[in-house]
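The values are calculated or read from the model by the stated rules, or taken from the named source; none is laboratory data. Computed from a predicted structure; not experimentally measured. Every residue, glycine as well, gets a Cβ built from its backbone with ideal geometry; the counts of neighbours run over all protein chains shown. Protein only, heavy atoms only, side chains kept; ligands, DNA and RNA dropped before computing areas. Shrake-Rupley method; radii C 1.70, N 1.55, O 1.52, S 1.80 Å.
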Amino acid sequence: MPRILGIDPGSRKTGFGIIEIDGKKIKHVINGRLMVGDGEFADRLRQIFEGLTDLIERYQPDMMAIEKVFLHKNADSALKLGQARGAAICAAVSQQLTVSEYTATQIKKAVVGNGHANKAQIQYMMSVILSLPESPEEDAADALACALTHAHHSAIGGSQSKLPAGMRTTRRGGRYSR
């Protein structure tokens, strides 16, 4: 049964969530967030790397899905987010995990059906889809949603897309559009 580690990167809070795929069933393994605080930035990156490395060693996921960087209004924030993503990706590849990346819009569309869904909608859908007793924290819900998106977009559990390469299911003029 493949396990997918989802990551919602952040330079102060990095959300994580692990799901397991058993055929068409999706099982929740764990979710949470790494709180790295306000210390020196290089030390926060080390904490992200070490925290995720420990998580990977404990739970043995087979692959990782991570949210892509989106454009911030503040360039400094975007750079720090990119560096936090880099620390997370390095933790995964140092443990021989494959890494897939998804935009926030792809993730929201996959789990809510709306690419502009808000945080509360993602939290709610994660609690429903994974039968959680309560809604996960925002960062953890985003990480679980990222893992679920990977499960839906990949061949895991036999759910590989039947569309030709480069096609999407948005209907416009013909059967499928490019």
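Observations on the structure shown:
- Matching residues in the stretch 112-127 - criterion: being over 15 Å from residue 139 (Cβ atoms), open to solvent by 60 Å² or more (accessible area, probe 1.4 Å) and assigned to a loop (DSSP other than H, G, I, E, B): 114, 116
- Residue list for the stretch 81-106, filter: under 13 Å from residue 54 (Cα atoms) and not hydrophobic (A, V, I, L, M, F, W, C): 94, 95
- Among (1) under 19 Å from residue 17 (Cβ atoms); (2) crowded, with 18+ Cβ neighbours inside 10 Å - the single one residue 45 does not satisfy: (1)
- The residue that is farthest from residue 63 (Cα to Cα), among those in the stretch 90-111 that are open to solvent by 70 Å² or more (accessible area, probe 1.4 Å) and not in a helix (DSSP H, G or I), is 101.
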